[in-house]
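Novice: Before anything else, here's the structure in question.
The values are calculated or read from the model by the stated rules, or taken from the named source; none is laboratory data. None of these values were measured; they are calculated from a predicted model. FYI the Cβ positions are ideal-geometry reconstructions off the backbone, even for glycines, and counts take in every protein chain you see.
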Amino acid sequence: MKHRLLLASCVLLGLTSSGCGSDDSAPDPGYRTEDSEPVDVDNLSIRVSGQARVLPEAARWLAATGRSEPSLSGLSVTIEEPLRVAVNDLDATFGTSALDDAGAFGVAGIRVKDVNVGLAVGMSGPGLLRTSSIIYDSTFTGSRPRTNLIETRAYALPESFHDALSTALGETRLLGHTENRARALRDAGFALGRVVDENGRPRAGVRVVPNRTELADRIYYPSADLSSVNQESTSEEGLFVYVHTGLAVESFQVSVEGEANAVPRNVVTAPGWGLMLTLYPGLHPPIE
């Protein structure tokens, strides 16, 4: 029954990635495919590990405004499937891990067959907004993960940064995009994205476009000091924000305008939380 419900959600949202269906056994990708062995994705479990930190752009804003970063040490994070989170699936979470003093986390036994659009690290706690930070996106491979995920990066979003971003957007815009349902981003639901270069540095002057043109007017670019937003291009901090409707789940893809070889990224939004993602060139995230 749960499988039929999730499959129906995938069809409803227009998701065609093989993550929403069942995969045939196939060679695990490697440098030499003749030495690869078949991988039964429906019975594969993987381990996810990495490091969590406060969103770098938020950390710089906190420092510039004389605020302290929220502590992440000891915070319990979840490894979750963002589509399942968005549709309030009770099986959205695959495991939990407490962050150590360096922000490191690790969760084993994640069943690959339960992954649809990707994997994310869910975070919330004192001084933090509820967010889901993408660490694996199925658009890169067209399938579920086949190996352990290591050295991933997840970002925490301070409530004060969210509040300032909501203020920069303004009540008029938020109420307009949500038909008077939300005065803050968290209530509307949102995606907060970073655009970086191959070295992890923020990119200024970049436009991010959705694959659905009717959603284009919901994308904004905040100024570095969060005093304003525009709809032209990213500031020197390289951030963009998508404002959701405050209603049911929305699924689409975004990419950098004018870069034909860029891999589009999955976005899933719903009220009450924010999706965090990073757009970077190539197939592998830069080391920051």
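Novice: So which residues in region 118-129 are under 12 Å from the mean Cα position of the chain (by Cα) and either surrounded by fewer than 17 Cβ atoms within 10 Å (Cβ to Cβ) or of a type in the set (Gly, Ala, Ser) (or both), if there are any at all?
Specialist: Gly118, Ala120, Gly122
Novice: Name the strands (runs of 3 or more DSSP E) wholly inside region 105-188 in which the number of residues that are among the small types (Gly, Ala, Ser) is 3 or more.
Specialist: 118-125
Residue by residue, here is whether (1) under 17 Å from Leu55 (Cβ atoms); (2) assigned to a strand (DSSP E or B) holds:
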{"position": "Gly200", "(1), (2)": "yes, no"}
{"position": "Asp217", "(1), (2)": "no, no"}
{"position": "Ser227", "(1), (2)": "no, no"}
{"position": "Thr234", "(1), (2)": "yes, no"}
{"position": "Glu237", "(1), (2)": "yes, no"}
{"position": "Tyr242", "(1), (2)": "yes, yes"}
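Novice: Please name all residue pairs, on different chains or six or more residues apart, with Cβ atoms under 6 Å, provided the first residue is in region 89-111 and is within 17 Å of Arg53 (Cβ to Cβ) and the second residue is polar (S, T, N, Q) and part of a strand (DSSP E or B).
Specialist: What qualifies is Ala98/Ser76; Gly103/Gln51; Ala104/Gln51; Phe105/Ser97; Gly106/Ser49; Gly106/Ser97.
Novice: Still on this structure: Do any helices (runs of 4 or more DSSP H) entirely within region 1-103 hold 2 or more residues that are closer than 30 Å to Ala164 by Cα and modelled with pLDDT of 55 or more, and if so, which?
Specialist: Answer list for region 1-103: 56-64, 82-86.
Novice: A further question follows. Among the residues of region 146-179, which ones are of a type in the set (A, V, I, L, M, F, W, C) and more than 19 Å from Ser132 (Cβ to Cβ)?
Specialist: Ile150, Ala164, Ala168, Leu169, Leu174, Leu175
Novice: Starting from residues that are aliphatic (A, V, I, L, M) and surrounded by fewer than 17 Cβ atoms within 10 Å (Cβ to Cβ), keep the ones in region 225-248 and report whichever is nearest to Arg181 (Cα to Cα).
Specialist: Going through the qualifying residues, I end up with Leu247.
Novice: Restricting region 244-257 to residues that are in a loop (DSSP other than H, G, I, E, B) and in contact with a strand residue (DSSP E or B) (Cβ under 9 Å, 6 or more places away or on another chain), which is farthest from Arg84 (Cα to Cα)?
Specialist: Within region 244-257, the match that is farthest from Arg84 (Cα to Cα) is Glu257.
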